[in-house]
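Participant: Below are the structure tokens for one structure; questions will follow.
The values are calculated or read from the model by the stated rules, or taken from the named source; none is laboratory data. Since this is a predicted model, take the numbers as computed values, not measurements. Cβ: placed from backbone, ideal geometry, glycine included. Neighbour counts: every protein chain shown. All accessible areas refer to the heavy atoms of the entire protein, side chains included, with ligands and DNA or RNA removed. Shrake-Rupley method; radii C 1.70, N 1.55, O 1.52, S 1.80 Å.
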Amino acid sequence: SMKRGKKAEEEVAAADGENDAGSGSAKKTKKAKEPEAPILYEDPPDKMTSKDGRDANMKITSWNVDGLRAWVKKNGLDWVREEAPDVLCLQETKCGEKSLPADITSMPEYPHKYWAASDEKEGYSGTAMLCKTEPIKVTYGIGKEEHDKEGRVITAEFPTFYLVTAYVPNSGRGLVRLDYRKTWDEDFRAYLSELDMQKPLVLCGDLNVAHQEIDLKNPKGNKKNAGFTPEEREGMDQLLEAGFTDSFRELYPEQANAYTFWTYMMNSRGKNVGWRLDYFILSSSLLPGLCDNKIRNKALGSDHCPITLHIAV
């Protein structure tokens with residue numbers, strides 16, 4: 001989305017700049033530097049068995065669609081039908097309930113649909129959860145008025161776990177919302193910890209932070225940009241220290257170049273100059289049932305790609 005525009009330009013410029021090291025050869029030839037071939041990420045085949053030998057029985061997909069109406073027009077639902085998750089979580093729907101396209105509201109595959117929209121700003125933020133089987137209970141927000149006006153969180157209770165989907169506030173260009181984001185991180189962590197005392201949880205969505213240097217193409221150029229500030233990274237540290245696990249890193253600790261967001265500018269996606277901002281975060285007690293966390297980076301229709309969790313619950 002445009003609010004990442006300036007960050008993206010700096011990021012791409014800096015990422016390209018990193019490749020200049022050592023190109024001034026002794027001969028000082030005039031030959032133009034060959035552009036580097038992009039390092040792409042190939043998602044390995046889906047692992048459908050957990051560490052403790054159980055078969056995956058729950059498939060959850062999360063996708064920041066960057067505007068639901070545009071994404072539906074770009075045939076996002078065709079991909080969803082093919083992927084066929086048990087639960088589909090969407091972020092940045094940018095769509096009030098009255099404006100939802102019939103193509104999605106009438107989807108027979110998902111009879112149980114839940115929508116959260118921004119109260120004040122039409123066409124801003126927003127999340128959705130579409131379920132094949134009906135949850136025991138669904139709630140909206142985190143129970144704090146200052147955070148619950150933008151439709152950012154939906155929680156569904158299932159028999160053995162909670163599923164929380166979230167669109168975490170972006171700290172913004174010039175970090176105008178960083179102070180708010182720090183408060184959000186703290187309050188959201190408290191909300192999740194409280195849920196976790198009742199039942200283990202899966203958190204999915206756009207958490208708007210690349211946690212470690214391995215999680216973005218150009219860490220050096222982005223230390224002062226939204227999504228990679230020390231404050232936001234510390235927020236993720238604290239979440240994980242509270243007893244939660246980043247399932248992708250648990251499975252693929254050394255995997256670089258695995259991203260879920262690329263700015264629309266400068267062919268960033270083609271060059272794979274991206275960020276991993278979308279996560280499945282699991283309560284530690286669910287880890288034995290973790291089978292796989294997929295990054296479906298071939299699925300188009302947004303500036304983010306979808307991610308899918310296979311788990312035995």
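Participant: Confirm whether ASP103 is under 30 Å from LEU287 (Cα atoms), surrounded by fewer than 16 Cβ atoms within 10 Å (Cβ to Cβ) and modelled with pLDDT of 95 or more.
Facilitator: So ASP103 does not fit the description; no.
Participant: From the list ASP46, ASP20, exactly one residue is part of a loop (DSSP other than H, G, I, E, B) and modelled with pLDDT of 95 or more. Which is it?
Facilitator: Just one listed residue meets the conditions, ASP46.
Participant: Here is a follow-up. Restricting to region 236-247, what's the tally of residues that are under 15 Å from LEU207 (Cβ atoms) and open to solvent by 40 Å² or more (accessible area, probe 1.4 Å)?
Facilitator: 4
Participant: Here is a further query. Would you pick out the residues in region 232-274 that are on the phi > 0 side of the Ramachandran plot, outside any loop (DSSP other than H, G, I, E, B) and touching a residue at least 12 places away in the same chain (Cβ under 8 Å)?
Facilitator: Hit for region 232-274 is MET266, nothing else.
Participant: Right, something else. Could you please give the count of residues in region 153-209 that are within 14 Å of ALA242 (Cα to Cα) and of a type in the set (Phe, Trp, Tyr)?
Facilitator: The qualifying residues number 2.
Participant: Right, another one. Restricting attention to region 89-104, which residues are part of a loop (DSSP other than H, G, I, E, B) and among the aliphatic types (A, V, I, L, M)?
Facilitator: LEU100
Participant: Restricted to region 203-231, and to residues that are part of a strand (DSSP E or B) and touching a helix residue (DSSP H, G or I) at 6+ places or on another chain (Cβ under 7 Å), which residue is farthest from ARG276 (Cα to Cα)?
Facilitator: Out of the qualifying residues, it is LEU203.
Participant: Restricting region 190-199 to residues that are touching a residue at least 24 places away in the same chain (Cβ under 8 Å) and part of a helix (DSSP H, G or I), which is surrounded by the fewest Cβ atoms within 10 Å (Cβ to Cβ)?
Facilitator: Among residues in region 190-199 that are touching a residue at least 24 places away in the same chain (Cβ under 8 Å) and part of a helix (DSSP H, G or I), the one surrounded by the fewest Cβ atoms within 10 Å (Cβ to Cβ) is GLN198.
Participant: Inspect all residues belonging to region 282-301 and state whether any of them is buried (at least 21 other Cβ atoms within 10 Å of the Cβ) and in a loop (DSSP other than H, G, I, E, B).
Facilitator: Yes, because at least one residue in region 282-301 is buried (at least 21 other Cβ atoms within 10 Å of the Cβ) and in a loop (DSSP other than H, G, I, E, B).
Participant: All but one of (1) touching a residue at least 40 places away in the same chain (Cβ under 8 Å); (2) under 24 Å from ILE60 (Cα atoms); (3) touching a His at 6+ places or on another chain (Cβ under 8 Å); (4) of a type outside the set (Ser, Thr, Tyr) hold for VAL202; which doesn't?
Facilitator: The single condition VAL202 does not satisfy is (3).
Participant: Now for a separate question. Please verify whether region 267-278 includes one or more residues that are open to solvent by 10 Å² or more (accessible area, probe 1.4 Å) and of a type in the set (Ser, Thr, Tyr).
Facilitator: no
Participant: In the set VAL138, VAL164, VAL209, which member is open to solvent by less than 10 Å² (accessible area, probe 1.4 Å) and within 30 Å of PRO108 (Cα to Cα)?
Facilitator: Going through VAL138, VAL164, VAL209 in turn, just one is open to solvent by less than 10 Å² (accessible area, probe 1.4 Å) and within 30 Å of PRO108 (Cα to Cα): VAL164.
Participant: Quick check on VAL72: is it more than 29 Å from SER193 (Cα to Cα), touching a helix residue (DSSP H, G or I) at 6+ places or on another chain (Cβ under 9 Å) and open to solvent by less than 30 Å² (accessible area, probe 1.4 Å)?
Facilitator: Against the criterion (more than 29 Å from SER193 (Cα to Cα), touching a helix residue (DSSP H, G or I) at 6+ places or on another chain (Cβ under 9 Å) and open to solvent by less than 30 Å² (accessible area, probe 1.4 Å)), VAL72 qualifies.
Participant: Among the listed residues GLU250, GLU231, identify the single one that is open to solvent by 10 Å² or more (accessible area, probe 1.4 Å), over 12 Å from the mean Cα position of the chain (by Cα) and under 22 Å from ASP292 (Cα atoms).
Facilitator: Being open to solvent by 10 Å² or more (accessible area, probe 1.4 Å), over 12 Å from the mean Cα position of the chain (by Cα) and under 22 Å from ASP292 (Cα atoms) holds for just one of GLU250, GLU231, which is GLU250.
Participant: While we're on this one: Contact list please: Cβ distance under 8 Å, first residue in region 96-120 and touching a residue at least 12 places away in the same chain (Cβ under 8 Å), second residue of a type in the set (A, V, I, L, M) and in a loop (DSSP other than H, G, I, E, B), pairs at least six apart or on different chains.
Facilitator: Here the result reads GLY96/ALA117; GLU97/ALA117; GLU109/ALA84; LYS113/MET107; TRP115/LEU100, each pair linking region 96-120 to a residue that is of a type in the set (A, V, I, L, M) and in a loop (DSSP other than H, G, I, E, B).
Participant: Could you grab me the full set of residues in region 167-189 that are hydrophobic (A, V, I, L, M, F, W, C) and open to solvent by 20 Å² or more (accessible area, probe 1.4 Å)?
Facilitator: Within region 167-189, LEU175, VAL176 meet the criteria.
Participant: Answer yes or no: is there a residue in region 55-67 that is open to solvent by 50 Å² or more (accessible area, probe 1.4 Å), not hydrophobic (A, V, I, L, M, F, W, C) and not in a helix (DSSP H, G or I).
Facilitator: yes
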